[in-house]
Amino acid sequence: MTATSAPQIIDRFRKIASASVADAVEQHGHRGYLAGRVGQIRPGKVVGPAVTVLEEPSDTAEPPTHALEAIDASPAGSVLCIAAGGADVAVFGGLMAAGAVVNELAGVVLDAAVRDVEEITRDYPDFPVYAAGTVSATTVGRYRSVSSNQPVLLGDVEVHPGDLIVADTDGVVRVPADLVEQVLETAEEIERRESEQTRLILEARSLKTGLDLYNRV
């Protein structure tokens, strides 16, 4: 079992806001936050190891084989990450959601669009989806999957298989697999400090009083 799939690590990250995780990743010398175009479409906190799929433009009419196989092959708790450069096509939809739910994936992060959102909302209300938007267009004849479990550029950030994905209302963050425990400790400290700052602001009725404690916004 790796750090990114250890239940105790997952549980601790679930208590931390993605903004704090993003700040913590930066304190360890990396960019973690994905571009704002990749946002919450279906609500739900996502924490789990990345399973990556790359899609590229193609006029060949073929199914997204690598994505379909990844859904069935991925361990429970995985986060399916499909990179397509922000494409205005739906790389994920209702049938794939059914496969993801039955295989107990934690959620999906798509640097492209999603479709069948009404169906997903109706049938899988607890399944989180993060994407660059919604659109009715299929990938068939427009994009094809070309690889899985290889490093991909997702929301302008390089994501490796096994990196930890943390996502909530604020956005999506990637934590490098080899820094998961260090980032977790830093993020927990950030949250502790912000809680203390909030307490001081409310007690003193002064924003400056709280900010001066750690000289941090």
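The values are calculated or read from the model by the stated rules, or taken from the named source; none is laboratory data. Remember, predicted model here, so these are calculated numbers, not experimental data. Positions of Cβ are generated from backbone atoms using ideal geometry, with glycine treated the same way; all protein chains shown enter the neighbour counts. Accessible surface is based on the protein model in full, side chains and every heavy atom, while ligands, DNA and RNA are left aside. Shrake-Rupley method; radii C 1.70, N 1.55, O 1.52, S 1.80 Å.
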Report summary line: Given the candidates Val108, Thr169, Val38, the one whose Cα lies deepest towards the positive end of the charge dipole of the chain, counting +1 at each Lys or Arg C-beta and -1 at each Asp or Glu C-beta, is Thr169
**Report entry** Relative contact order (percent, whole number), the range 134-212, Cα cutoff 8 Å, 6+ residue spacing
**Finding:** 13 percent
Report summary line: Length-normalised contact order of the range 34-188, Cα under 8 Å, at least 6 apart, in percent, tallies to 36 percent
Report task. Just need the relative contact order of the range 1-91 here, percent rounded to a whole number, with Cα pairs under 8 Å and 6+ apart. Result -> 29 percent
**Report entry** DSSP-loop GluC sites (Glu not before Pro) across the range 55-109, with at most 16 other Cβ within 10 angstrom
**Finding:** Glu104
Report summary line: Rounded to the angstrom and largest first, Cα extents along the principal axes for the range 78-217 equal 60, 34, 27
Report summary line: Other residues with Cβ under 13 Å from the Cβ of Leu95 give, with Lys and Arg +1 and Asp and Glu -1, a net charge of -3
Query raised in the report: Could you give the dipole magnitude of the range 1-66 about its Cα centre, charging the beta-carbon of Lys and Arg +1 and that of Asp and Glu -1, in debye to the nearest 20?
Result: 520 debye
Report summary line: On each of the three principal axes the extent of the alpha-carbon atoms of the range 16-168, given in whole Å and largest first, is 45, 31, 26
Report task. Run the accessible area of the range 41-83 with a 1.4 Å probe and give the carbon-and-sulfur part as a rounded percent. Result -> 57 percent
Requested in this report: Could you tell me what percent of the accessible area of the range 160-217 is made up of carbon and sulfur, with a 1.4 Å probe and every protein chain present?
Outcome: 48 percent
Report summary line: Rounded to a whole number, the Stokes-Einstein D of the range 1-100 in µm²/s (Kirkwood radius over Cα pairs; 25 °C; 0.890 mPa s) is 157 µm²/s
Report summary line: Treating only Lys and Arg (+1) and Asp and Glu (-1) as charged, each at its beta carbon, one finds that the chain has a dipole about its Cα centre, in Debye to the nearest 20, of 500 debye
Query - Solvent-accessible heavy-atom area per residue, rounded to whole Å², over the range 72-217 at 1.4 Å - result: 47 Å²
Report summary line: At 10 °C in a medium of viscosity 1.306 mPa s, the range 81-133 has a Stokes-Einstein diffusion coefficient, with Rh taken as the Kirkwood radius over alpha carbon pairs, in µm² per second, of 146 µm²/s
**Report entry** Accessible surface ranking that places the most exposed of Ser20, Ser148, Ser136 first, with a 1.4 angstrom probe
**Finding:** Ser136, Ser148, Ser20
Query raised in the report: Suppose R0 equals 30 Å; then what is the FRET efficiency for Lys15 and Asp123 from their Cβ-Cβ distance, rounded to the nearest 0.05?
Result: 0.55
Report task. Enumerate the amide H contacts of Tyr143 below 5 Å, restricted to partners 5 or more residues apart or on another chain; note that Pro and chain-start residues carry no placed amide H. Result -> Ser58
Query raised in the report: Using unit Cβ charges (K, R positive; D, E negative) and no other charged atoms, how large, in debye to the nearest 20, is the dipole of the range 91-196 about its Cα centre?
Result: 760 debye
